[in-house]
Structure formats: structure tokens, C-alpha cells
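Please read the structure below before turning to the comments.
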Amino acid sequence: MTFIMNCLLCISKTENFYLKTIRWLIAIFLIAPILSPYFFGLTFYLWIPLVFLDKRYLLFLCYNLNKKILLIVLLWGCLALFCFRIDLFIKINIITLGLTYLYAVRDSIFPKIFVAFLFSAILCILQFILFMIDPKLSFLLGPTSISQFVWGNFATLTYTNQYEVFLLPRMSGLSREAGFFVSLLLVIWLLRLREQNIKKVEWIIFILAFSFSLSKVSIAIILLLFLLAFRRIIKLMPLGITYIFSCFLFIFLASYLDIGSTGYLYENTSLAHRFSSAYLVYNMNAEQLVLGCHEVISCSIENSRSLTNYLMVDKDYSVSIGILGLVVDFGILGIILFLFTCYTLKIHSFEFLVIIVFTSTVYMFSIDSFVIFAYYYAITNPNFKNMI
């Protein structure tokens, strides 16, 4: 546990008690969304109000925020309002809040985030050990039980899905469910890997926690290892070509599998959900591609009624998944603005594909912490000179 002790010593030398407390709480709530309450159908993430209690961040907002960042946020916000998507407007601002905070206090917040995640990973390992002894004991340490213990009737939505997907039953640490834990583990691993000082004990914890949380999302590690191995070559690829290739690959797979057919849809709901936006784009007419479908369920996209009814009505899922979800919601403007954002922030093909990997199962504007960390990883690449 030398890494944890070094982090604690580093933190204690640079902060007073007030800032330490605020930043520890922010780190904990970022890593453990199950500790946040659920009101009126929404999770109220407790890290959001806490960032405004950090005076260093307030100074950053007042004096150091780059105009290009403000322009990007303004354009996305205006597009969301133009499409009458107040929910996306709020999410865009929350993501911006998280990214700017992480950047403003990066030297002091990330050691705390890494320590908080290690505790979550250790809990994942403990959950697995208890599951081998008695599944009921493991369930008591699962996200549903913890959230209900802390908040009672106001516990946030969780899914203690401790069943076998690949080889072993999957655990979730302090995340909502196993898939989200794996995504968080992988992006934290990328951030630590970039620092080039991962300790042996961390490797052991990462490997064990990953092994004990295997789910469909875990396949992403193969893609990440491939991207890391060929990073220098991938960085040379023009971003526009990478974007077009990625979109056409998703569309090809969705159409080839014919995920909108009832025969495939009911038997492979998880995959159908992941490729839903690609299938919708494949079946959209010219007007819908240009303007988007702000209300998908009433947009009458050809050959997609079974898909939207089953996923959105019966399952209460969003179908605006991944990069093509921007096309579904915003049409061609979503593509243009996303590419403009990437070029402005100097995000190249490698970082873009990392974003694709982590948002392939959720919406691009999801405010789950692993998405925010993935954006941070992409934005703070070596090409990005100055965010302030």
C-alpha cells in the first residue's frame, strides 16, 4: 500500500483541512455514485455542489478559463436548447463542470480519486470472496444494499447483478453495477498508465478486480490494448476519416445483424441496445439525417418501430447510444459540432477512438464519472497545450 501512503503524504503537504475534506468528498462521490441520493426520478450527484466550495476552482473559473472552452460549451448548449432538450443542456454543463474541475485541481484531486477507486476495487474483491462463501453475504455488500443503507427510500438506482457472464460471477465495488465498474476501472487504469508509475500492488488489485467483474463491457480491454499498441500509427490517421469509418462500421454491423427485427431484438436485447442508434441512422430519411429526431419515439423512423417501442417503452432505455446518438438527436449539426470540438481541443484519432470505446454503451452526454474521466483522458493528451 506504499502508493496510497505516498498519495496521502503528498496531499497533506499542500492543502488545509477544509480543502482536504472537500476534495476527499468529491473524489469519493465521483467513484461511488451509489452514495448519492435519488429524487424525482433523478440521481442528485453530490460532487456537483461540492466543487463550488473549492476556492481554487472558483478562482480558475473567474480568471483562467479559455475562451475556446466557453465557445464550445456555448455552441453545444445552444444546440441542445434549439432542439428543446433541456436535459441535454443540463448534462452538457455538468460534464463541463466536471472536466474543468478535474483540470483546475488535477494535482491534488487525482491522488484522492486513485485512492478512492482502489478502495472500491478492494471492495469488489471482497464481494467476490464473500460470494464464494455465501452469495447472500456478498449481496449485503452490493450497491443496492449500500445505497439503501445510506439513503433508505431515496437510494439511487442500482443493479446488484452478481451472476456469471464470462467464467466468474461479476461484482461492482462502489459502482451502480458491474458494467459501470469495469468501465471506471479501465479509464482509471489508462490515467494511471499515462503517469507511468503504477505500483505492483495496484497491478494486482486492478487484475483481480477486473477478473471479478467480467461483463460484456470487459471486451473493451482488447480494443484499448490494440489502440495503445498502435497509438503512434493511429495518431497519424486524419480525424475525419476515423470518424466516418467508425460510423460506417457501427451502421454496417447494425444493418447486418438486423437488430430491429423482432427475432433478433428479443433474444439479444443488450446488443440491440448498443447498436440502436446505428440502426436508427441507417433507416433515417434525408430530412431526419439533417435535422435529427428530437423525440425518437414519435419520429416515425422507417423499419424501427419495434426497436424503439421495445427499448424505449418496454425497457425504458435510451436509444441515442454512442457517437451516432449525436446524429439521432442533432442530425448533421451534431457531427459538425463534435468534429469542431475535437479539432479545437486537439483531439486526434487515438483519443477519439478512446472516447468511442467508453461511450459505446452509453450516451455521449452521460454524466457517469467514467465518461467524464474518459473525456478528461482524451482532452489532456500531449497535443493539448493549455486549457486555461
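The values are calculated or read from the model by the stated rules, or taken from the named source; none is laboratory data. Owing to the predicted nature of the structure, the values given are computational and were not obtained by experimental measurement. Note that each Cβ is placed from the backbone with ideal geometry, even for glycine, and that neighbours are counted across all protein chains shown.
When Ile219, Ile234 are checked against the criterion of being β-branched (Val, Ile, Thr) and without any contact (Cβ under 8 Å) to a residue 12 or more places away in the chain, a single residue qualifies: Ile219.
Annotation: Gly173 fulfils all but one of (1) over 19 Å from Phe119 (Cα atoms); (2) modelled with pLDDT of 85 or more; (3) in a loop (DSSP other than H, G, I, E, B); the unmet one is (1).
Cβ-Cβ contacts under 6 Å between residues 6 or more apart (or on different chains), taken from a first residue in segment 96-111 that is over 13 Å from Trp24 (Cα atoms) and at pLDDT 90 or above to a second residue that is surrounded by fewer than 21 Cβ atoms within 10 Å (Cβ to Cβ) and among the aliphatic types (A, V, I, L, M), are listed as Thr96/Val73; Tyr103/Met387. The set of residues in segment 344-378 being outside any helix (DSSP H, G or I) and within 19 Å of Trp76 (Cβ to Cβ) consists of Leu345, Lys346, Ile347, Thr359, Val362, Tyr363, Met364, Phe365, Ser366, Ile367, Asp368. Can you name the residue in segment 4-23 that is within 14 Å of Phe114 (Cβ to Cβ) and buried (at least 17 other Cβ atoms within 10 Å of the Cβ) and is also modelled with the lowest pLDDT among such residues? Per the stated criteria, the residue is Ile11.
Quick grid of which residues meet (1) surrounded by fewer than 14 Cβ atoms within 10 Å (Cβ to Cβ); (2) farther than 23 Å from Ile372 by Cα:
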{"site": "Phe206", "(1), (2)": "no, no"}
{"site": "Leu214", "(1), (2)": "no, no"}
{"site": "Leu223", "(1), (2)": "no, no"}
{"site": "Phe226", "(1), (2)": "yes, no"}
{"site": "Leu236", "(1), (2)": "yes, yes"}
{"site": "Leu239", "(1), (2)": "no, no"}
{"site": "Phe245", "(1), (2)": "yes, yes"}
{"site": "Tyr256", "(1), (2)": "yes, yes"}
{"site": "Ile259", "(1), (2)": "no, yes"}
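Kindly provide the set of residues from segment 314-343 that are acidic (Asp, Glu) and part of a helix (DSSP H, G or I), ordered by number. Residues satisfying the conditions are Asp314, Asp329.
Scanning segment 274-313 for residues that are touching a residue at least 60 places away in the same chain (Cβ under 8 Å) and assigned to a helix (DSSP H, G or I) returns a single hit, Arg274. Only one of Lys20, Lys91 is assigned to a helix (DSSP H, G or I), among the basic types (Lys, Arg) and under 29 Å from Thr341 (Cβ atoms). Can you tell me which? Going through Lys20, Lys91 in turn, the sole match is Lys91. Entry remark, segment 297-322: residues being crowded, with 22+ Cβ neighbours inside 10 Å and either under 20 Å from the mean Cα position of the chain (by Cα) or under 20 Å from Phe245 (Cα atoms) (or both) number 4 in total. The residue that is farthest from Tyr363 (Cα to Cα), among those in segment 261-284 that are among the small types (Gly, Ala, Ser) and crowded, with 21+ Cβ neighbours inside 10 Å, is Ala272. Considering each residue of segment 129-146 in turn, at least one proves to be surrounded by fewer than 16 Cβ atoms within 10 Å (Cβ to Cβ), at pLDDT 90 or above and over 23 Å from the mean Cα position of the chain (by Cα). Among residues of segment 36-48 that are surrounded by fewer than 16 Cβ atoms within 10 Å (Cβ to Cβ), those with a beta-carbon under 7 Å from a residue that is assigned to a strand (DSSP E or B) at least six positions away or on a different chain give the pairs Phe44/Pro37. Gly331 - would you say it is in contact with a Gly (Cβ under 8 Å, 6 or more places away or on another chain) and at positive phi? Taking the combined requirement at face value, the residue satisfies it. Would a scan of segment 119-141 turn up a residue that is of a type in the set (D, E, K, R) and without any contact (Cβ under 8 Å) to a residue 60 or more places away in the chain? Looking for residues that are of a type in the set (D, E, K, R) and without any contact (Cβ under 8 Å) to a residue 60 or more places away in the chain, one finds at least one in segment 119-141, hence yes.
Scanning segment 190-216 for residues that are part of a helix (DSSP H, G or I), without any contact (Cβ under 8 Å) to a residue 40 or more places away in the chain and either at positive phi or of a type in the set (D, E, K, R) (or both) yields a total of 2.
Table: residues versus (1) at pLDDT 85 or above; (2) among the acidic types (Asp, Glu); (3) closer than 29 Å to Phe89 by Cα.
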{"position": "Met237", "(1), (2), (3)": "yes, no, no"}
{"position": "Tyr266", "(1), (2), (3)": "no, no, no"}
{"position": "Leu291", "(1), (2), (3)": "no, no, yes"}
{"position": "Val319", "(1), (2), (3)": "no, no, yes"}
{"position": "Leu337", "(1), (2), (3)": "yes, no, yes"}
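Checked against the criterion of being of a type in the set (S, T, N, Q) and within 18 Å of Ala209 (Cβ to Cβ), the candidates Gln127, Gln148 yield just one match: Gln127.
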